[in-house]
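A.B. asks: Just passing along the structure, written as structure tokens.
The values are calculated or read from the model by the stated rules, or taken from the named source; none is laboratory data. In this text, all values refer to a predicted model and were calculated from it rather than measured experimentally. All Cβ positions, even for glycine, are placed from backbone atoms using ideal geometry, and neighbour counts span all protein chains on display.
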């Protein structure tokens, strides 16, 4: 079919899957599961194949698919992928099948599967949309399935948690919608028609400096709630703790990335000047989030809540890297979005597996699991180290790039942020110690180790965690061109220049040094020349004077 | 009489010859079809001995469809030849009026289907419901097509008087009678205020004809005209009552709660549309030149309406009161479109009214069903565990409620988007933001109902209610299917309806 691009298919396959699931009788649970999984796997395969078809040398949007949708407003069905969104799409494509296989809803499989597929479509649509309104629609659409998943399949306080989640996000979006419309209408000056195409809007850059700042803040409001940034993060621990395992995996793995992705894609490209001006504010908030999240995580008695707070801290790193406004920081941020999705998704799966066996998430209730579940302990260790950021695993690469990238422009923020890495080690290792070490007694001694299915579910995540830790280059190669282009855009429009060290590392510093040296020498030469001429001039004058005196 | 005769005979008596206007009946075809239908129904019932309620319902549906077709034919004609005025310039045949004719006809069809099952269940005999509804709907059409404030007033009265009776239709229920009296007293009061406004405007401009008033205002510079502004303000109050804008909303919760549920549905859809039809026409076209004067007032009205509607809905325990307050907050959104006072604002308001109509009719269908015999079970707890008993019904209600909350890919979102974008285009950023934030508050009570339907764990209650059957009559199922289908389908492919609303305003 002509016109049906692969991206449109990626977004529509889960929708079709959900529709098919809706038509299957409730009692045929096996068929429902099979259909749901097939749709999710299809999307996953398509997403992975995108990586290979993706042109790593191009910084442009690729596989663009466009169709007019609401002409009255210049809204179109516009999808495209670049280095920044590519791996988020892949992450979504991988995590959904894993969440579907790895967890059991226990009741009403039909509605559960349908909601999961709708959620997947919403996430993919948000990452792929290049039309502001389309992005907003998908962004909002993700709320609904998540609301029903938390509220329908969650734990004790699920209704409270789901409502809080929904209303917080909706509150943020309210600002974004108004900001978005202001941007679009103010950009439609003269002969320029109304458009929601972000490429065109970024190009026009029509807002006055002051207006742009307000609109940027409106967008940031929506994304800050989603990320979540301190102090609008309070929905997150509740939502994560009360959500069923798959809900937490997707929430942490994919949904939170909508916030950081939004900041990168819309915050930076549409409002470069405002982003440069307000970067210190966001960096500060990010650092507060890193420390605050880590401290809270240390205090938690509930294992799931601990992981939830660790997300607040990790997402703080991503925002830190984003608003460092350097190529390294941003690349690290984008990479870290994927890393966090993998490691925290895996952590939530593991906590879910423990809960399935022990029916508790209380750290105090769990003890000595290393003896009764050795394989689980190994897997948990690897995932935990990935989350801490141990060299050799994926978390290290992202955090390291972020911290370097931040250090060259914002030294002190980077210094405080680094403390977060140490705290991460503290709360995770301490939790591990309490849960896994020692001699198990009572129920803890009788636990069965991971089943084959659970191992199969964790295997791809572990492979990716190790692979990205050892050889992240192919991923960075695809991320970098787009990030470089974005930073150039910010530099051109924001009246800002990133230090050379942030572009080429040590070589950049040397180059800069040499450049400065050359400049100095040039200046010196000129100075000498000038003096020489001055001297000559004086000499001439004296000579003339002498002549006239004669 | 003798004077008339003298005048006709042309003898010099100092009286000019009376010119009877040329009545172009074709310009009022849909109105007349509805009125004719009502009269035929009355006569028919008086003549026939056999009483067959479903035949009356079917007849009403046919009348509604006929008027829909007539409206559509008029649309095509206007599309070809452009708008015109008729009956001595007192009726306008333009895209705007036809838009409302189409809308009102659709409301008649759906409300008749809704009413049929209700009347059968409640054992209310007689065709009054259909007759009054048809008459009321014709009043709504007159309000939309009026080009003269007197005609607007006539339309308002035809609409309202029939509604007063409809509200008290189920006179065995105390609440229904109470609602009728309340609605009547406050409605009559607001009509008087409206009429006073008409009088003042006439005093200031020398005409009640909208075209002539427009001409006067455009040609005359009025630095400060207290009488005119007072008249405009009173008109706004009169319309404000009809559309339930705060602070003229006090009747809404009580009347919505007390009136029979299908009547409430008709009221929420039809009366609101009619009130706005008059309001938007008068303010957008006639008093456009005064917009710097009325925009701030409408701003205040809109903000109050949005906030009061959405905040008070949260604390209600009765579904009909929740929907009443929610309808108030929706009126606030339409007022956002009015406040913007630009093309997008008008088109957005029309789009909002059109899409809201189907959401609210569908919602009240569910309310009627769950209310069961006696139309009394409207406590929110009646919805506890509905998804387990009637999954399809719960799903339909969820879609309609979430659409009202403004969830993407439904018409409800686009409606909000349309009026908010009009406000932003008109640089009313604060109003746009207040509107969006109030919709967040509103989302809370819509979600609260879905929580009850889907997430309530009260096993005992569920067990108890499992024994009761909740049959869905076919006519109600049709209404629900149509409302949900329109809400979702045009949310996904919005172009036809958006174009319809826009064309309606360009043909003004």
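A.B. asks: Only one of these is over 30 Å from residue B:128 (Cα atoms) and modelled with pLDDT of 90 or more: B:200, B:159, B:163. Name it. Walk me through it before giving the result.
C.D. replies: Numbers: B:159 fails: over 30 Å from residue B:128 (Cα atoms); B:163 fails: over 30 Å from residue B:128 (Cα atoms).
The match here is B:200.
Okay, residues lined up against (1) at pLDDT below 90; (2) in contact with a strand residue (DSSP E or B) (Cβ under 9 Å, 6 or more places away or on another chain):
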| position | (1), (2) |
| --- | --- |
| A:137 | no, yes |
| A:145 | no, no |
| A:156 | yes, no |
| A:173 | no, no |
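A.B. asks: If I ask for residues that are more than 14 Å from every other protein chain (Cβ to nearest Cβ) and part of a strand (DSSP E or B), which ones from segment A:67-106 would you list?
C.D. replies: A:78, A:79, A:80, A:81
A.B. asks: With the requirement that a residue be in contact (Cβ under 8 Å) with a residue 40 or more places away in the chain and within 9 Å of another protein chain (Cβ to nearest Cβ), what does segment B:423-437 give you?
C.D. replies: Scanning segment B:423-437 gives B:423, B:425, B:432, B:435.
The rows are residues; the columns are (1) buried (at least 21 other Cβ atoms within 10 Å of the Cβ); (2) touching a helix residue (DSSP H, G or I) at 6+ places or on another chain (Cβ under 9 Å).
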position	(1), (2)
A:140	yes, yes
A:153	yes, yes
A:172	yes, yes
A:181	yes, yes
A:193	no, no
A:200	no, yes
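A.B. asks: If you check every pair at least six apart or on different chains, which have Cβ atoms under 9 Å apart with a residue in segment A:71-88 that is without any contact (Cβ under 8 Å) to a residue 40 or more places away in the chain first and a residue that is surrounded by fewer than 20 Cβ atoms within 10 Å (Cβ to Cβ) and part of a helix (DSSP H, G or I) second?
C.D. replies: A:71/B:495; A:71/B:499; A:72/B:495; A:72/B:499
A.B. asks: For residue B:501, state whether it is surrounded by 18 or more Cβ atoms within 10 Å (Cβ to Cβ), at pLDDT below 90 and within 14 Å of another protein chain (Cβ to nearest Cβ).
C.D. replies: Against the criterion (surrounded by 18 or more Cβ atoms within 10 Å (Cβ to Cβ), at pLDDT below 90 and within 14 Å of another protein chain (Cβ to nearest Cβ)), residue B:501 qualifies.
A.B. asks: Quick check on this structure: which one of B:403, B:396 is at pLDDT 90 or above, touching a helix residue (DSSP H, G or I) at 6+ places or on another chain (Cβ under 9 Å) and over 20 Å from residue B:310 (Cβ atoms)?
C.D. replies: On inspection, the qualifying residue turns out to be B:396.
A.B. asks: Additional query: Considering only segment A:145-161, state which residues are in contact (Cβ under 8 Å) with a residue 60 or more places away in the chain and at the interface with chain B (Cβ under 8 Å from one of its Cβ atoms).
C.D. replies: Answer for segment A:145-161, where residues must be in contact (Cβ under 8 Å) with a residue 60 or more places away in the chain and at the interface with chain B (Cβ under 8 Å from one of its Cβ atoms): just A:158.
A.B. asks: Quick check: is even one residue across segment A:213-236 in a helix (DSSP H, G or I) and without any contact (Cβ under 8 Å) to a residue 24 or more places away in the chain?
C.D. replies: Scanning segment A:213-236, I find no residue that is in a helix (DSSP H, G or I) and without any contact (Cβ under 8 Å) to a residue 24 or more places away in the chain, so the answer is no.
A.B. asks: For segment B:267-379, please list each of the helices (runs of 4 or more DSSP H) lying entirely inside it that holds at least 1 residues being in contact (Cβ under 8 Å) with a residue 60 or more places away in the chain and more than 20 Å from residue B:239 (Cα to Cα).
C.D. replies: Working: elements: B:272-281, B:291-314, B:319-340, B:343-371.
Per the criteria, B:291-314, B:319-340, B:343-371.
A.B. asks: Could you please give the count of residues in segment A:127-144 that are more than 11 Å from chain B (Cβ to nearest Cβ) and either part of a helix (DSSP H, G or I) or over 18 Å from the mean Cα position of the chain (by Cα) (or both)?
C.D. replies: 4
A.B. asks: Okay, moving on. So which residues in segment B:405-416 are more than 20 Å from the chain's Cα centre (by Cα) and either closer than 15 Å to residue B:363 by Cα or more than 8 Å from chain A (Cβ to nearest Cβ) (or both), if there are any at all?
C.D. replies: Passing the criteria: only B:410.
A.B. asks: Of the residues A:129, A:114, A:121, A:99, which single one is within 24 Å of residue A:183 (Cβ to Cβ), touching a helix residue (DSSP H, G or I) at 6+ places or on another chain (Cβ under 9 Å) and crowded, with 22+ Cβ neighbours inside 10 Å?
C.D. replies: A:129
A.B. asks: Have a look at B:449, B:420 and point out the one that is assigned to a helix (DSSP H, G or I), within 11 Å of another protein chain (Cβ to nearest Cβ) and in contact (Cβ under 8 Å) with a residue 24 or more places away in the chain. Full working, then the answer.
C.D. replies: Working: B:449 fails: within 11 Å of another protein chain (Cβ to nearest Cβ).
Result of the check over B:449, B:420: B:420.
A.B. asks: Please verify whether segment B:384-404 includes one or more residues that are in contact (Cβ under 8 Å) with a residue 24 or more places away in the chain, within 12 Å of chain A (Cβ to nearest Cβ), crowded, with 24+ Cβ neighbours inside 10 Å and part of a loop (DSSP other than H, G, I, E, B).
C.D. replies: No, that holds for no residue.
A.B. asks: Look at residue A:185 and say whether it is surrounded by fewer than 24 Cβ atoms within 10 Å (Cβ to Cβ), within 25 Å of residue A:333 (Cβ to Cβ) and facing another protein chain (nearest Cβ under 10 Å).
C.D. replies: Considered against the rule, which asks whether it is surrounded by fewer than 24 Cβ atoms within 10 Å (Cβ to Cβ), within 25 Å of residue A:333 (Cβ to Cβ) and facing another protein chain (nearest Cβ under 10 Å), residue A:185 comes out as no.
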